[in-house]
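Enquirer: Please see the structure below; I have some questions.
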Amino acid sequence: MKYLTICSLCVLCFLLPFFAGAYLVHVLTSIMIFLSLSLSWDMMLRTGQLSFGIAGFFGLGAYASIIAVDDFSVHPLMSIFVAAAFAASIALGLGWIVLRLREIYFAITTLALSSVFMIFARNLSDLTGGSAGKVLYESIFGGDPIKTYWLVLSITLIVILTSKLFERTRIHFAISSIRNDEITAKCCGVNIFKYLLLVFVLTSAIQGAMGALYAQQYAFVEPESTFSANFLLLPMSMALVGGIYSTIGPIMGALALGLASEYLKLVMPYGHLIIYGFILIFTIMFMPKGIYGTIVNRFKSR
């Protein structure tokens, strides 16, 4: 019944554009992009490392995809894989340095990466278009929102499956032991650096792919908007509201905050961020384990 329910939900998601309007399809497409970013942040958090580099690798993937299509005539679909590979290769090179750091030092370093990448994008004007950015002749699939929705949904399902595999394989035990006590994990034979590098590269590839999807959807990149802090703060908020260290938590958080944000924009065009902030503060204060963690604890207590 569990797997039948999951399959039914997947089929329903694929058929949804035939029954929903263009606005709802666009909203769900954006929510799924942020959902994948939220899951990638949570996957890194499960190792005990707080990464603030989401916006940086998101922007790298966006630029890599646009440049691949515009300058090298790569097919838009293939450019997504090019962007993921590019972000992963940059993460692999940087990982040998930054993963030697821990706690606040790692967090600050990854936060600085976004600014460094943005400076490169602004100054390499011959390649990136400089401060004006780059524009494609048309967006992916000629701007067809349904095909774009299906593409984003397919990659989002792959990200969810990857997160579940992290929970059901030996990687889960390795990264959980690293998060709880690195010294004990090392004494038990866990190769700490190997697992940290693996998760860092994989999550960076996911963020790069999401950046490519976002850029191909709008056919435009520009330093300020592409490396915006929104691509860091919103995924983190979704994971915290839904519940960290899980797959279902960020999914619930993304759906709850994504839909609430769109509704609040219609009701309060100039004050929706205030209510958005109150929701986040309320959740952290009264549901520190998030929506999913609170529900699980209630069932366990009963």
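The values are calculated or read from the model by the stated rules, or taken from the named source; none is laboratory data. Source: prediction; values computed, not measured. Using ideal geometry, Cβ is built from the backbone for each residue, glycine included, and neighbour counts are taken over all protein chains shown. Please note that ligands, DNA and RNA were not included when accessible areas were found on the heavy atoms of the full protein model with its side chains. Shrake-Rupley method; radii C 1.70, N 1.55, O 1.52, S 1.80 Å.
Enquirer: Would you check if there is a residue in segment 22-36 being out of contact with any Leu (no Cβ under 8 Å at 6 or more places or on another chain), under 27 Å from Ile178 (Cα atoms) and not aromatic (Phe, Trp, Tyr)?
Expert: yes
Enquirer: In segment 70-103, what count of residues is obtained for those that are part of a helix (DSSP H, G or I), open to solvent by 30 Å² or more (accessible area, probe 1.4 Å) and in contact (Cβ under 8 Å) with a residue 12 or more places away in the chain?
Expert: Filtering segment 70-103 down to residues part of a helix (DSSP H, G or I) leaves 70-72, 76-98, 103.
Filter again for open to solvent by 30 Å² or more (accessible area, probe 1.4 Å), leaving 70-72, 76-78, 81-82, 85-86, 89-90, 92-94, 96-97, 103.
Then drop every residue that is not in contact (Cβ under 8 Å) with a residue 12 or more places away in the chain, which leaves 70-71, 76-77, 81-82, 85-86, 90, 92, 94, 96, 103.
Summing the residues that are part of a helix (DSSP H, G or I), open to solvent by 30 Å² or more (accessible area, probe 1.4 Å) and in contact (Cβ under 8 Å) with a residue 12 or more places away in the chain in segment 70-103 gives 13.
Table: residues versus (1) polar (S, T, N, Q); (2) free of Cβ contacts under 8 Å to residues at least 12 places away in the same chain.
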{"site": "Gln216", "(1), (2)": "yes, no"}
{"site": "Ser237", "(1), (2)": "yes, no"}
{"site": "Pro250", "(1), (2)": "no, no"}
{"site": "Leu255", "(1), (2)": "no, no"}
{"site": "Phe278", "(1), (2)": "no, yes"}
{"site": "Ile284", "(1), (2)": "no, no"}
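Enquirer: Taking the residues in segment 262-284 that are open to solvent by 20 Å² or more (accessible area, probe 1.4 Å) and among the hydroxyl-bearing types (Ser, Thr, Tyr) as candidates, determine which candidate is modelled with the highest pLDDT.
Expert: Tyr263
Enquirer: Confirm whether Phe106 is open to solvent by less than 30 Å² (accessible area, probe 1.4 Å) and within 20 Å of Phe231 (Cα to Cα).
Expert: Considered against the rule, which asks whether it is open to solvent by less than 30 Å² (accessible area, probe 1.4 Å) and within 20 Å of Phe231 (Cα to Cα), Phe106 comes out as yes.
Enquirer: Return the residues of segment 182-196 that are in a helix (DSSP H, G or I), closer than 27 Å to Leu161 by Cβ and either of a type outside the set (Ser, Thr, Tyr) or open to solvent by less than 10 Å² (accessible area, probe 1.4 Å) (or both); say none if nothing qualifies.
Expert: Residues of segment 182-196 in a helix (DSSP H, G or I): 182-187, 192-196.
If we keep only those that are closer than 27 Å to Leu161 by Cβ too, we end up with 185, 192-196.
Ala185, Ile192, Phe193, Lys194, Leu196, listed by residue number.
Enquirer: Check Ala84, Ala64 and return the single one that is of a type in the set (A, V, I, L, M, F, W, C) and more than 14 Å from the chain's Cα centre (by Cα). Break it down stepwise before answering.
Expert: Working: Ala84 fails: more than 14 Å from the chain's Cα centre (by Cα).
Unique residue meeting the criteria: Ala64.
Enquirer: Would it be correct to say that Phe141 is at pLDDT below 90 and in a helix (DSSP H, G or I)? Show your work before the answer.
Expert: On the way: at pLDDT below 90: yes; in a helix (DSSP H, G or I): yes.
Criteria met by Phe141.
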